[in-house]
Structures are given as C-alpha cells and as structure tokens.
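Accompanying notes for the structure given below.
The values are calculated or read from the model by the stated rules, or taken from the named source; none is laboratory data. The shown structure was predicted, so the numbers you read here are calculated from the model rather than taken from an experiment. Cβ placement follows ideal geometry from the backbone for every residue including glycine, while neighbour counts extend to all protein chains displayed. For accessibility, only protein heavy atoms count, side chains too; no ligands or nucleic acids. Shrake-Rupley method; radii C 1.70, N 1.55, O 1.52, S 1.80 Å.
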Amino acid sequence: LRDIMQQISPLTIEYASCAMRDRRDFTALLSSMGLKTQVIVGEHDAIISLAVAKQTADACGERGARLDIIPNAGHMAPFESPVQVAKVMREFLGASA
C-alpha cells in the first residue's frame, strides 16, 4: 500500500482528500435502500470509529445491517487482514443468498 501511495501525485491525493471532506452525507438514505447491508470496520480503525460503524449499521433501518469488526486491523482491513475480511464477506453473502 505504501508503494502504491508513493506513486500517486500529491495533487491527486489533495483532490481525493478534498472530495472526501466535501462529500454530502447520505446516511439518511440508508434506511430507504431496502438492501441487506454489511458494514466492515477494523477494530483499531482511526478514521471510522467503531461507534460510527455501529451508527451506520443502525441507520440501515428495519432490515438492519450486519456489523463485522475485524480484530487487530485498522482502516485498511482488507490489506491488513485479507483472510478475515474475505471470511466475513463470504459468511454475509452466504447468509444473504
């Protein structure tokens, strides 16, 4: 991941950061999606806290969302713990079928 990030121009990172900062909050729309949803968060994520992940899952309305917390992972859980992330995704997809 470090190698990938070092190949990206600083201007691209600036634009991406501004786009994330300025994006609209669509949380209120989650309950109207009508889709089974999975929220995956790293146990030690410093960007998306466990509380925010739980709020996101709860915002999915009456269908709810499955919240999976990846142990010993941060914000980049798919890179840090790919086997565990794949496992919870397979479980979710199998349960949703």
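Pairing residues of region 48-69 that are more than 23 Å from G94 (Cβ to Cβ) with residues that are among the aliphatic types (A, V, I, L, M) and modelled with pLDDT under 95, at Cβ distances under 6 Å and at least 6 apart in sequence or on separate chains, gives A59/L30.
Suppose we filter region 1-34 for residues that are closer than 21 Å to G64 by Cβ and either open to solvent by less than 100 Å² (accessible area, probe 1.4 Å) or modelled with pLDDT of 95 or more (or both); how many remain? Residues in region 1-34 being closer than 21 Å to G64 by Cβ and either open to solvent by less than 100 Å² (accessible area, probe 1.4 Å) or modelled with pLDDT of 95 or more (or both): 8 in total.
Looking at G61, G74 in this structure, which one is on the phi > 0 side of the Ramachandran plot, small (G, A, S) and in contact with a helix residue (DSSP H, G or I) (Cβ under 8 Å, 6 or more places away or on another chain)? One residue alone meets the criteria, G61. Checked against (1) over 22 Å from M20 (Cα atoms); (2) open to solvent by 60 Å² or more (accessible area, probe 1.4 Å), A46 passes all but condition (1). On the stretch given as region 56-97, residues that are within 23 Å of A46 (Cβ to Cβ) and either in contact with a His (Cβ under 6 Å, 6 or more places away or on another chain) or of a type in the set (F, W, Y) (or both) total 2.
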